[in-house]
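Right, one structure below, let's go through it.
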Amino acid sequence: QVQLVESGGGLVQAGGSLRLSCAASGRTFSPAAMGWFRQTPGKEREFVAAVVWMGGSTYYTDSVKGRFAISRDYAKNTVYLQMNSLKPEDTAVYYCAIRETYGSISDNYDYWGQGTQVTVSS
C-alpha cells in the first residue's frame, strides 16, 4: 500500500506564495503520474496540476497556469506544488495523488493523501 503525506499548507495573504510537498512511501515507487487536486465545501474535487513521473511533462488547469508549478524529485519520491500570486479563490484543501497506469492525466488516480489546508485572505 502506498502512503502519501502532504505538507506546506497554511494561511497566506492574497498575492503571496506557498509551496506544498507530498512524500510517497510504502512500496516500490514507480507511478505513471503524480498530481494535485483541490476541494472546497459543496464543490466537486477538481484537478489542479500533474506531472508525468518519467520525463516530467506537466499539465495544469487553466485557472492556475502561469501561477503554479508542479515538479518531482526522483531521489525523495516527492512531488511539489509551488503556488505564486495566490488568490482567495485558491482557498481549498489540497490533495496529492498517484496514478499507477497511463491514460487521462486528470482522471483515475489510485492513491490519495489526507490533504492540507490552504487559506488565502483578501
Query raised in the report: Hey, does segment 45-53 have a residue that's in a strand (DSSP E or B), open to solvent by 40 Å² or more (accessible area, probe 1.4 Å), modelled with pLDDT of 95 or more and β-branched (V, I, T)?
Result: no
Report task. Please find, within segment 29-40, the residue that is nearest to G115 (Cα to Cα) out of those that are at pLDDT 90 or above and open to solvent by 30 Å² or more (accessible area, probe 1.4 Å). Result -> Q39
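Every residue in segment 7-44 that is of a type outside the set (G, A, S), more than 19 Å from A75 (Cβ to Cβ) and either without any contact (Cβ under 8 Å) to a residue 40 or more places away in the chain or not in a loop (DSSP other than H, G, I, E, B) (or both), please. I'd like the intermediate steps shown before the answer.
Step one: list which residues in segment 7-44 are of a type outside the set (G, A, S), which gives 11-13, 18-20, 22, 27-29, 31, 34, 36-41, 43-44.
Okay, now just the ones that are also more than 19 Å from A75 (Cβ to Cβ), so 11-13, 18, 36-41, 43-44.
Selection gives L11, V12, Q13, L18, W36, F37, R38, Q39, P41, K43, E44.
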Query raised in the report: In segment 54-82, which residues are in contact with a Phe, Trp or Tyr (Cβ under 6 Å, 6 or more places away or on another chain), farther than 19 Å from V120 by Cα and surrounded by fewer than 17 Cβ atoms within 10 Å (Cβ to Cβ)?
Result: S71
Requested in this report: Under 7 Å between Cβ atoms, at least 6 apart or on separate chains: pull out the pairs that start in segment 65-85 with a residue that is at positive phi and end on any residue that is assigned to a strand (DSSP E or B) and open to solvent by 60 Å² or more (accessible area, probe 1.4 Å).
Outcome: N77/S25
**Report entry** Filtered residue count, segment 1-28, keeping only those that are of a type outside the set (V, I, T) and open to solvent by 40 Å² or more (accessible area, probe 1.4 Å)
**Finding:** 13
Requested in this report: Of the numbered conditions (1) in contact (Cβ under 8 Å) with a residue 12 or more places away in the chain; (2) open to solvent by 60 Å² or more (accessible area, probe 1.4 Å), N108 fails exactly one; give the number of that condition.
Outcome: (1)
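Identify all residues within segment 1-19 that are closer than 27 Å to P31 by Cβ and touching a strand residue (DSSP E or B) at 6+ places or on another chain (Cβ under 7 Å); write none if there are none. Break it down into steps so the answer makes sense when it comes.
First, the residues of segment 1-19 that are closer than 27 Å to P31 by Cβ: 1-10, 17-19.
Once the filter is applied, which keeps residues that are closer than 27 Å to P31 by Cβ and touching a strand residue (DSSP E or B) at 6+ places or on another chain (Cβ under 7 Å), segment 1-19 yields V2, Q3, L4, V5, E6, S7, G8, G9, G10, S17, L18, R19.
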Report task. Give the residues of segment 83-98 that are of a type outside the set (A, V, I, L, M) and either modelled with pLDDT under 95 or under 18 Å from S121 (Cβ atoms) (or both), sorted by residue number. Result -> N84, S85, K87, P88, E89, D90, T91, Y94
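The values are calculated or read from the model by the stated rules, or taken from the named source; none is laboratory data. Nothing here was measured: the structure is a model prediction, and the numbers come from that model. Neighbour counts are summed over all protein chains in view; Cβ atoms, including those assigned to glycine, are modelled from backbone coordinates with ideal geometry. Keep in mind that these areas ignore ligands, DNA and RNA; they rest on the heavy atoms of the full protein, side chains included. Shrake-Rupley method; radii C 1.70, N 1.55, O 1.52, S 1.80 Å.
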